[in-house]
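The structure appears right after this line, and notes come after that.
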Amino acid sequence: DGLSTILSRAVEVSDTFKISFAQMNAAFAVLKNAGIKDSTISTGYRQALLEVFSPDEKTLNFLQSRYRQLGENLSKETIQAMFNGFTKSNNPLEQAINELNKLGYSTSAAAEFARLYDVRATNVLNVLAKQNTEMAKMTSQLQESGSAAQGTQTQMEALGKSWDNLGGIITTVISNAVGSANGGLDSVTGSVERMRGNPWGAPAPQPILEL
């Protein structure tokens, strides 16, 4: 897939689960730093969000057993509502990863979680679970950059600078999107604008795109 397609898919699923543009890019930065391929980030990120925030019956049964081992007798309905509810927090992905780590995702139950989730999701979750603190730090930095930016073009340039040391994936994606004359740009920017009304999760001016 092209980079514009990768970003489009990621933005759409982030939009669905109320993850800001800054939070999404922080996750991407951590994954890129870990050597994860662009195509794997695209498919794995989407699959991970779907499985974490919308757990199926098999996942709920497993999570319930993990909570019981921790002395917490939670119903499957309560667990489902909890993970769905993370999408209403300031940082849904960070909250969900913290909860999975509480249940032993990266430690005592690592092997069991690996069998539970789709391999595409596991490739992404393994990195994010171990680098959640770094991801939170990057999110804050990107939000500060977005808040200080003046206008959409400046925001895009700031984003590109944040990714220079990661191979320039987002710079390339945005460049391709802005230079596109087809409906792809409308799809990407439309989803971005819907992400809490502000892609960075911080105060920002109304976007103005000049093609």
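The values are calculated or read from the model by the stated rules, or taken from the named source; none is laboratory data. Keep in mind the model is a prediction, meaning the values are calculated, not measured. Because the Cβ atoms are built from the backbone with ideal geometry, glycine has one as well, and the counts that use them run over all protein chains shown. SASA here: full protein model, heavy atoms, side chains in, ligands and nucleic acids out. Shrake-Rupley method; radii C 1.70, N 1.55, O 1.52, S 1.80 Å.
Considered as a group, the residues in region 54-76 that are assigned to a helix (DSSP H, G or I) and among the aliphatic types (A, V, I, L, M) include one that is farthest from Y105 (Cα to Cα), and that residue is L60.
Checked against the criterion of being in contact with an Asp or Glu (Cβ under 9 Å, 6 or more places away or on another chain) and among the hydrophobic types (A, V, I, L, M, F, W, C), the candidates V30, V11 yield just one match: V30. Could you please let me know if I19 is surrounded by 19 or more Cβ atoms within 10 Å (Cβ to Cβ), part of a loop (DSSP other than H, G, I, E, B) and modelled with pLDDT of 90 or more? Considered against the rule, which asks whether it is surrounded by 19 or more Cβ atoms within 10 Å (Cβ to Cβ), part of a loop (DSSP other than H, G, I, E, B) and modelled with pLDDT of 90 or more, I19 comes out as yes. Put simply, of L103, L74, L116 the only residue that is more than 14 Å from A48 (Cα to Cα), in contact (Cβ under 8 Å) with a residue 40 or more places away in the chain and touching a helix residue (DSSP H, G or I) at 6+ places or on another chain (Cβ under 6 Å) is L103. T59 fulfils the conditions (1) farther than 29 Å from Q143 by Cα; (2) of a type in the set (V, I, T); (3) open to solvent by 10 Å² or more (accessible area, probe 1.4 Å) except for a single criterion, (3).
Of the residues making up region 23-41, those that are part of a helix (DSSP H, G or I) and more than 9 Å from the chain's Cα centre (by Cα) are A29, V30, L31, K32, N33, D38, S39, T40, I41. A residue that is open to solvent by 30 Å² or more (accessible area, probe 1.4 Å) and among the small types (G, A, S) can be found somewhere in region 39-56. When the criteria are applied in full, K37 fails the requirement of being over 23 Å from Q131 (Cβ atoms) and charged (D, E, K, R).
Of all positions in region 104-113, none carries a residue that is surrounded by 13 or more Cβ atoms within 10 Å (Cβ to Cβ) and within 17 Å of the chain's Cα centre (by Cα).
Taking every residue in region 3-30 that is over 22 Å from Q141 (Cα atoms) and pairing it with any residue that is open to solvent by less than 20 Å² (accessible area, probe 1.4 Å) and modelled with pLDDT of 90 or more, at least 6 positions away or on another chain, the pairs with Cβ-Cβ distances below 7 Å are V13/L49. Could you say whether any residue in region 79-92 is open to solvent by less than 50 Å² (accessible area, probe 1.4 Å), under 15 Å from V13 (Cα atoms) and assigned to a loop (DSSP other than H, G, I, E, B)? Yes, region 79-92 has at least one match.
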